[in-house]
Amino acid sequence: MVPEIEERDLQLGYSGLRPKLVPPGGKGIADFVITRDSNVPQAIHLVGIESPGLTAAPAIAEHVSKLAAEILG
């Protein structure tokens, strides 16, 4: 999908702390945010996908593939 990226451009990612997306009081953004970026139309953000994300991975992949198809035309 991105031929200009070569193996030497990649590096291992390490786990770390992830802030919760729901502010105190429980109102606001929730986990499982999957959206296109209004400032970078080619970007798709997948944010806050915790442990149930593994179970939901096939459905998430299907949804993201549709978003990618829209982007790629």
Ordering Arg8, Arg36 from largest to smallest accessible area (1.4 angstrom probe), what's the sequence?
Arg8, Arg36
Calculate log10 I(q)/I(0) of segment 27-73 for q = 0.20, 0.27, 0.28 Å⁻¹, where I(q) comes from the Debye formula with a single equal point scatterer on each Cα and nothing for solvent.
-0.71, -1.04, -1.07
With all protein chains present and a 1.4 Å probe, how do Glu50, Glu4, Glu62 order by accessible area, largest first?
Glu4, Glu62, Glu50
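The values are calculated or read from the model by the stated rules, or taken from the named source; none is laboratory data. All values derive from a computational prediction rather than experimental measurement. Keep in mind that these areas ignore ligands, DNA and RNA; they rest on the heavy atoms of the full protein, side chains included. Shrake-Rupley method; radii C 1.70, N 1.55, O 1.52, S 1.80 Å.
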